[in-house]
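Inspection log for the structure reproduced underneath, given as structure tokens.
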Amino acid sequence: MVPGSVDSLHDVSTSLSDVPGLAALDSSRPTRFQFKIMFVSGMGFFTDAYDLFVIGVVVSLLKTQWHLSTNQVSLLNSATLVASAAGAIIFGRIADVLGRKRIYGYEVLVLAAGAIASALAPGYVALLIFRIVLGIGVGGDYPVSATIMSEYSGKASRGRMVGLVFAMQGAGLVFGPLLASALLASGLSHELIWRLLLGFGAIPGLAVFYLRRQIQETPRFALAGGVAQEAEAAIAAATGQSSDAPAPAESTARVHEGALTGALMLFSSTRLVKWLIGTALGWALLDFAYYGNSISSPAVLKLLSPHASLLQNTLLQLAIFAVFALPGYALAIWLMDRIGRRTIQLLGFAMMAVAFFLIAAVPSVVQTAATFLLLYGISYLFSEFGPNTTTFVYPAEIFPVQVRTTGHGISAAAGKIGACVGAYLFPQMLASSMGIRGAELVAGFVSLAGLVVTAICLPEPKGRTLEELTELSMAKHHESQAVAA
């Protein structure tokens, strides 16, 4: 058997599917332990969403203070996203080689260091560099947090639990405008306000660092690494049962394939390649439209209401997030394990495209604040109740245990590259003759492309165990082997 081959994946998947403890975990309902993991994991996404929002306000303040050009604004918006792509790939692969536990928590230290340094930045170049450091930590959080939650969840609630981790973004999207509004209304100098806004991003990560370091290795990774005692203790903790096998103070499980050889497993099955294209490209298309609109929302609202103050537009953003984004997250969590990820992602992309096309096609929309805000809000509702949630859940489920964080990291990295392009181009489009309508027309076509990619490339993971999904990924390979024999 060649390491990294489809047969290697099949052998591990078959051995895991025969473990009685995993069957108990797969059939379990969410426990207190699982909700603890959800909260500890989700705080990283609270910070991610907070930083996504707050950089728009910070840039609005610095544009005047530091006399930033449009290109400098675009670069500052997008640099963190490029760095997060690198962080997702690096931390994702390390977590598949060394284990989830060995790496978990250190990504938030990188994030916190970047946030604190950004708050102290003396000038534009320094701020740009420190935001890149922050981005590496943000990106690293995606694959590890998603996979830990997935590998600890029962099959009937896995989508909901992984989705809840991501839905902590909703809290960040609301808290960011609240804090920014309070500081803007406080009378503090704008110099102090933007530094406080950036520095706060370190607090959530540092608050959960210790808790992250205490989480045991996931049972599936421990079993794949040949450490049954560690897996038994993890399953007992996750299902709320007692165990006579204490977990080691430090994880001893690891997958023995090398960094490169192991990563090649993702390309050992045509179906896995197809799924990777689906998760990566779908996420990239979503993030182009989502991040482009979100980071540029202060500029979008400024074009709509040129005489409104930054505080007024910040409060307006808060209203959009509270009225549209939060219910979208709630709907996604409620229906994820009922109607399935694929249906939600298809519906979300379709409705995003409709909203963007209507903004672009009807001239009066951008001249009437209420109509524009309704359609703009609908695009947020169906991105949260749609691909912004499902693109995070999908790669935590459909890839085999040996490459699960690697696949998630590649997918998240593709998403961040799409986000970077959107964050860079949207200010350019808004400042050009294209304006709001042209930018939203582009977002509409991108959303339509996401719909097509989802329909062609992605399966429905609902109701299947992680091992069943691994078997499904190799089905055609083994059928062809049988025919050849």
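Restricting Val446, Val483 to residues that are of a type in the set (A, V, I, L, M, F, W, C) and at pLDDT 95 or above narrows the list to Val446.
The set of residues in the stretch 342-398 being under 21 Å from Gly170 (Cα atoms) and outside any helix (DSSP H, G or I) consists of Phe385, Gly386.
When we screen Ala202, Ala207, Ala180, Ala156 for residues that are surrounded by fewer than 24 Cβ atoms within 10 Å (Cβ to Cβ) and modelled with pLDDT under 90, the only hit is Ala207.
Applying the set (1) assigned to a loop (DSSP other than H, G, I, E, B); (2) over 25 Å from Gly139 (Cα atoms) to Pro461 leaves exactly one unmet item: (2). Applying the condition of being of a type outside the set (Lys, Arg) and in contact with an Asp or Glu (Cβ under 6 Å, 6 or more places away or on another chain) to the stretch 158-206 and asking which residue is nearest to Leu109 (Cα to Cα) yields Gly201. The condition of being in contact (Cβ under 8 Å) with a residue 40 or more places away in the chain and either on the phi > 0 side of the Ramachandran plot or buried (at least 24 other Cβ atoms within 10 Å of the Cβ) (or both) holds for only one of Gly123, Gly99, that being Gly99. So is Ala86 without any contact (Cβ under 8 Å) to a residue 12 or more places away in the chain, of a type outside the set (D, E, K, R), surrounded by fewer than 24 Cβ atoms within 10 Å (Cβ to Cβ) and part of a helix (DSSP H, G or I) or not? Taking the combined requirement at face value, the residue does not satisfy it.
Out of the stretch 216-252, which residues are among the hydrophobic types (A, V, I, L, M, F, W, C), part of a loop (DSSP other than H, G, I, E, B) and at pLDDT 60 or above?
Val227, the sole residue that qualifies.
In a helix (DSSP H, G or I), touching a Lys or Arg at 6+ places or on another chain (Cβ under 7 Å) and either at positive phi or at pLDDT below 90 (or both) - does that describe any residue in the stretch 6-13?
Keep residues of the stretch 6-13 that are in a helix (DSSP H, G or I), which gives 6-13.
Retained after the next criterion (residues that are touching a Lys or Arg at 6+ places or on another chain (Cβ under 7 Å)): none.
Among the residues of the stretch 6-13, not one is in a helix (DSSP H, G or I), touching a Lys or Arg at 6+ places or on another chain (Cβ under 7 Å) and either at positive phi or at pLDDT below 90 (or both), which makes the answer no.
Conditions (1) within 15 Å of Ala167 (Cβ to Cβ); (2) buried (at least 24 other Cβ atoms within 10 Å of the Cβ); (3) out of contact with any helix residue (DSSP H, G or I) (no Cβ under 9 Å at 6 or more places or on another chain); (4) touching a residue at least 60 places away in the same chain (Cβ under 8 Å), marked per residue:
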position: Ala332; (1), (2), (3), (4): yes, yes, no, yes
position: Arg342; (1), (2), (3), (4): no, no, no, yes
position: Thr371; (1), (2), (3), (4): no, no, no, no
position: Leu381; (1), (2), (3), (4): yes, no, no, no
position: Thr391; (1), (2), (3), (4): yes, yes, no, yes
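Restricted to the stretch 23-65, and to residues there that are crowded, with 16+ Cβ neighbours inside 10 Å and over 26 Å from the mean Cα position of the chain (by Cα), the residue that is nearest to Leu316 (Cα to Cα) is Leu61.
Being at pLDDT 90 or above and of a type in the set (A, V, I, L, M, F, W, C) is true of Val125. Those helices (runs of 4 or more DSSP H) of the stretch 96-165 in which 2 or more residues are touching a helix residue (DSSP H, G or I) at 6+ places or on another chain (Cβ under 7 Å) and farther than 29 Å from Met336 by Cα occupy 106-119, 124-151.
The values are calculated or read from the model by the stated rules, or taken from the named source; none is laboratory data. These figures come from a predicted structure and were not determined experimentally. Please note: Cβ atoms are built from the backbone with ideal geometry, for glycine as well, and neighbour counts cover all protein chains shown.
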